[in-house]
1. Compare the peptides 329-337, 91-99 by average per-residue count of other Cβ atoms within 10 angstrom and give them in order, highest first.
2. Going down the table (249/328; 177/249; 226/341; 270/341), which pairs top 26 Å between alpha carbons?
3. With +1 assigned to the C-beta of every Lys and Arg and -1 to the C-beta of every Asp and Glu, and no other charges, what is the dipole magnitude of region 1-128 about the Cα centre in debye, to the nearest 20?
4. When the Cα centres of region 207-276 and region 316-344 are compared, how far apart do they sit, in Å?
5. Considering the convex hull of the alpha carbon atoms of the chain, report its projected area averaged over all viewing directions, in nm², one decimal.
6. Arrange the following residues from fewest to most other Cβ atoms within 10 Å of their Cβ: 236, 253.
7. For the chain, set up a GNM with springs between Cα atoms under 10 Å and report which of 127, 290, 115 has the largest fluctuation.
8. Which net charge results for the neighbourhood of residue 35, defined as the other residues with beta-carbon distances under 13 angstrom from its beta-carbon, given Lys and Arg at +1 and Asp and Glu at -1?
Amino acid sequence: MNKMLTTEKALEMLSTKDVLELGQAANKVRQEMHPDNLVTFVIDRNINYTNVCTSECRFCAFFRTEGHPDGYTLSKEIVFEKLKETIEAGGTQVMLQGGLNPALGLEYYTDLLTFIKKNFNIVIHSFSPAEILHIAKKEGISVTETLIRLKAAGLDSLPGGGAEILVDEVRQRVSPKKISASDWLMVMETAHQVGLETTATMVIGMGETYAQRMEHMEKVRILQEKTGGFRAFIIWSFQPGNTQLGGEKISAWDYLKTLSIARLYFHNIKHIQGSWVTQGQNIGQLTLAFGANDLGSIMLEENVVKAAGTSHQMNIDKMLSLIRETGKKPAQRDTQYNIIKTFA
């Protein structure tokens, strides 16, 4: 495996190479990094605790403005019921993600985290960098202090949401009110410094260039060299339905090419996740031949992608079949990628 793939070379390959050629190269790297032939997944629930958001991103169909009749914030009782169902279904992880709700301060979040940890044995993998920065600004405290308090209340790790494309030229066009690229990276670096590991994500198909995709990957790779705090890299594709931004979905080939380059480029990130959520089960299955070694979550609940008109259902039996049909062995993992159970 070439551990020194430059950004320039990766861009050249993404721009000119055949998708199957890239896939073969990425699959070879995957086999070297994961010789056990396992493909992992996690059972979790994505609880969107509020849809009220001041960010008003043009690519989001989920948010509602403050005062909107469809705006909501979930009560502890509703969260309790959702988590009870998650535990009963074998879930080991909860993702709490919501809008930037001006009515919610740090106390709301620490109370919620404490409540969950008191009642459930579950990993809290929650709150994107945008949410963290929003809480810090509202409270008038540092990001470091915010993360330390959330960690003390029960936060275990952070998802990579809100990264989209880490190029401000793109961000100004698609989400002008949202966290900047440098702020996203700053929150992630701070999280790593206080002992919270994270994932990194990228959303493609919002009119960005291949060069901008590689600029995004380069920023993530540089931060990983510094901290080692990213557990996985996850690529989603933009779902244009019901959004202000609109446009067309990118092709499956474009998604698979970019996924393959990510596997080749990130010598320092062990896990690459394929997205059946935005690509559907057939392409999700194909990602396992294009560099992915993980298929993310069974996802007992998901609302953001669904709000954009895309909905693909998954259960354990479907996930096991999907992985087995590729000749690989399915394995349930936890948030830290430890294997909980392998399936024959």
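No value in this document is a laboratory result; all are computed from the given coordinates. Here the structure is a predicted model, which means the values were calculated and not measured. Note: ideal-geometry Cβ built from the backbone for every residue, glycine included; neighbour counts use all protein chains shown.
1. 91-99, 329-337
2. Check vs 26 Å cut-off fails for 249/328; 226/341.
3. That gives a dipole near 200 debye.
4. First find each Cα centre; the distance between them is then 23 Å.
5. In nm², the orientation-averaged hull projection of the chain is 15.8.
6. Working: 236 21, 253 13.
Ranking 236, 253 by Cβ neighbours within 10 Å, fewest first, gives 253, 236.
7. Per the Cα network of the chain with a 10 Å cutoff, 115 tops the list.
8. Net of charged neighbours comes to +3.
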